[in-house]
Number of protein chains: 2
Amino acid sequence: MSERDWIDRYIRPLVTAKGADALRDDVAMLTSGGVQIATMDTLVEGVHFLADDPLDTVGQKLLRVNASDIHAKGALPLEALLSVAWPKGRSETEFDALMRGIGRDLAAYKTALIGGDFVSTDGPLVLTLALTGQCLGKGSVRRSGARAGDSIFIGGEIGWGAVGLAAARGGGSGQDAGRYRVPLISTAAQARTVSDSATASMDVSDGLLIDAQRLAQASSVGLEIAIDAVPLAVDAPDLEGIIRLCSGGDDYQILITASNDETPAGFTKIGRVTVGNSLALTYKNEPVNLPETLGFEH
Amino acid sequence: MSERDWIDRYIRPLVTAKGADALRDDVAMLTSGGVQIATMDTLVEGVHFLADDPLDTVGQKLLRVNASDIHAKGALPLEALLSVAWPKGRSETEFDALMRGIGRDLAAYKTALIGGDFVSTDGPLVLTLALTGQCLGKGSVRRSGARAGDSIFIGGEIGWGAVGLAAARGGGSGQDAGRYRVPLISTAAQARTVSDSATASMDVSDGLLIDAQRLAQASSVGLEIAIDAVPLAVDAPDLEGIIRLCSGGDDYQILITASNDETPAGFTKIGRVTVGNSLALTYKNEPVNLPETLGFEH
């Protein structure tokens, strides 16, 4: 294979931003203006996706795990650099599928691919995306701004990551498995809400409970969450079932705190911020102990 | 191993930029102002470095291959995002060495590490760096600005990549092998010259001849290079020996064209730009045929 041919055929068509100069140069010119943020996530075959996941879905997941971080900070995705370490011997058809998935979500999230690198490897497929974001307001909304008295809101539904992973591991090809492979993530409208209203914000990627704990610690406050108020992907029969969904990873929804009591569109109120420095849960208005495992620990 | 512990111990100490907020958040705030550019390079164990290369040298190489692209555009390195896909089972001592090498060159190139990702892999070590640069002048100096009548200059010496690789493959531990592992690259002073004087510029990474051919094509001009004027890493006995050094990769020096006849400090004049669209060589003032292989083709 000639790396240059593959770049011409599959990558260059996705590169339309003026600053990228159609990849004719060594670097890309970044867009300027406003406050910009950046994030980077890496997906490794066999670790962050299953070896037999269709590669167009892996490409979409790569965009989404990064876009989720940008949305959660009250910003919109802007420009991306892509690195592909491609296993020798994998077919051109598969590379085509990967790039189609990436192209689909570059368009969906209005993101400009401006450069990157494409190399061979004897190991598993490794994908890295660096993504910049343009803040909608004066700056990035941090994890550290929650204040006692604020309300706690969660975007979307919690548990699709856990439900989807179970289905995908079982070889499922239905909608549930699809939601592990191509996660439902936060929206541009929710990013606008973060920018307009949130005192603190983060994306939930390792499990609602562990990430709520992290936000509590970053803000030096208590987070009291009514676990039975959390909107779930599927009905849970009991407290144990709810906890399982709330401590599964790969959800990519936004957890915010805000001083307004009114629930913003696309969010559900699930608790309140208290004086303290940790997470506390209630179920049917009674305190319950925290489970031993709050989520995915790296 | 806990990824979080390793991040705390080895990565967080390198993160001092204000916009990175000590990695307490999901994203980093990018510095604003001026014209900024970005590049990304990936190094794969066994492909871009040898499996037994000391990891501090690999860390330095990662910084340098990216910084070289930034310098060649008339800019200085500014902010970096780092992704490490770390082979399960490699020791903490090796990770410490990798991060010491990266830290050394972050300091040497005055670059702020602002974020990234750290994941496990069953495969070889894969390192990706996204690096932004601040243009010293009004913009990025492209490959496409050379005009007939310009002079051609090369920074530093050509051939250290080829000499060093041969030494490193032979298990060498001396200075020559060191120059493959930790390439000599362009300097901030040379980047200033690019910004002040160059009509076109690029970094030589796949071999002087192939990259000169690329610059000729990007600018739609001819490049006539006096091959015996090229400053070499080691004495070459004949034309064949010179060609070999001038078509080896991993040199990371800057090739520029400029309308001034005076040779800037740190550069050597090696030819002139003509009407045409290709590379032409002379040796002892006589035209010579181009070799079949001009450099490393990806």
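Our summary gives the range B:211-274 a relative contact order of 53 percent, counting only alpha carbon pairs under 8 angstrom and 6 or more residues apart. Measuring with a 1.4 angstrom probe and ignoring ligands and nucleic acids, B:His48 comes out at about 50 Å² accessible. In this structure chain B gives 39 Å² per residue of accessible area when probed at 1.4 Å with all protein chains present. For B:Lys88, inter-copy separations between label points set 7 Å beyond Cα along the Cβ vector come to 2.4 nm, shortest first. Note on chain B: Lys pairs 8 or more places apart or on different chains, Cα atoms under 16 Å apart, count 4. Between rounded, prolate and oblate, where does chain A land on the alpha carbon gyration tensor, with a ≥ b ≥ c its root eigenvalues, rounded for a/c under 1.5, else prolate if a/b exceeds b/c? Cα axes put chain A in the oblate bin. Computed from backbone phi with θ = phi - 60° and the Karplus coefficients 6.51, -1.76 and 1.60, the 3J(HN,Hα) list for the range B:5-10 is 4, 5, 4, 4, 7, 10 Hz; x is used for glycine and proline.
With contributions of -39500 (n - 2.57) from each DSSP H run of at least four residues, the per-residue ellipticity at 222 nm computed over the protein assembly as shown stands at -8500 deg cm²/dmol. In whole percent, how big is the carbon plus sulfur part of the accessible area of chain A, probe 1.4 Å, protein atoms only? Of the solvent-accessible surface of chain A, carbon and sulfur hold 48 percent. Look at the stretch A:137-143: the mean tally of other chain Cβ atoms within 10 Å of its residues' Cβ atoms is 3. At q = 0.11, 0.15, 0.16, 0.27 Å⁻¹ the log10 of I(q)/I(0) for the range B:216-298 amounts to -0.31, -0.59, -0.68, -1.67, computed by Debye summation with a single uniform scatterer per C-alpha, solvent ignored.
A Stokes-Einstein calculation at 20 °C with viscosity 1.002 mPa s, built on the Kirkwood radius of the range A:173-277 over Cα pairs, returns a diffusion coefficient of 147 µm²/s. Each copy carries a label point for B:Glu240 at 7 Å from Cα toward Cβ; from one copy, the others' points are 7.8 nm away, ordered from shortest. Which FRET efficiency value, to the nearest 0.05, do you get for A:Thr263 and B:Asp52 by plugging their Cβ-Cβ distance into 1/(1 + (r/R0)^6) with R0 = 51 Å? Efficiency at R0 = 51 Å is approximately 0.30. Mind checking the angle between helix A:160-169 and chain A's longest principal axis? C-alpha axes, 0 to 90 degrees, to the nearest 10. With rounding to tens, the tilt is 50 degrees. In the assembly of identical copies, A:Ala188 has its label point, taken 7 Å from Cα in the direction of the beta carbon, separated from the corresponding points by 4.0 nm (ascending, one decimal). Computed extension gain for A:Asp196 through A:Gln217, at 0.36 nm per residue and net of the alpha carbon distance, reaches 5.2 nm. Projecting the Cα atoms of B:Ala258, B:Thr42, B:Leu129 onto the charge dipole of the protein assembly as shown, computed from C-beta unit charges around the Cα centre, puts B:Ala258 farthest toward the positive end.
Counting 0.36 nm for each residue step from A:Lys284 to A:Ala229 and taking away their Cα separation leaves a gain of 18.9 nm. Heavy-atom accessible surface of B:Tyr283, to the nearest 10 Å², is about 50 Å², with a 1.4 Å probe and all protein chains retained. Look at the stretch A:126-135: the mean tally of other chain Cβ atoms within 10 Å of its residues' Cβ atoms is 6.
The residue of chain A whose Cβ sits closest to the rotation axis that maps A onto B, together with that distance in whole Å, is A:Gly123, 1.
Charging the Cβ of each Asp and Glu at -1 and of each Lys and Arg at +1, and nothing else, the dipole of the protein assembly as shown about its Cα centre rounds to 1400 debye. Between B:Arg147 and B:Asp238, the simple spin-label model (points 7 angstrom out along Cα→Cβ) gives 4.2 nm. For the peptide A:57-64, the mean number of other protein chain Cβ atoms found within 10 angstrom of a residue's Cβ is 0. Calculated on the alpha-carbon coordinates, the convex hull of the range A:12-91 measures out at 125 cubic angstrom per residue.
From the backbone phi of the range A:227-239, what are the Karplus-calculated ³J(HN,Hα) couplings (6.51 cos²θ - 1.76 cosθ + 1.60, θ = phi - 60°) in whole Hz, Gly and Pro given as x? Once θ is set to phi - 60°, the couplings for the range A:227-239 become 4, 7, 8, 5, x, 10, 5, 9, 4, 10, x, 7, 4 Hz. Distance from the Cα centroid of the range A:238-298 to that of the range B:15-49 is 32 Å (rounded to whole angstrom). Taking both sides together, the accessible area buried where B meets A is about 4200 Å² for a 1.4 Å probe.
The values are calculated or read from the model by the stated rules, or taken from the named source; none is laboratory data. Predicted, not measured: the structure shown is a model, and the values here were computed from it. Here Cβ is always computed from backbone atoms with ideal geometry, including for glycine, and neighbour counts include all displayed protein chains. Surface accessibility is based on the protein's heavy atoms, side chains included, excluding ligands, DNA and RNA. Shrake-Rupley method; radii C 1.70, N 1.55, O 1.52, S 1.80 Å.
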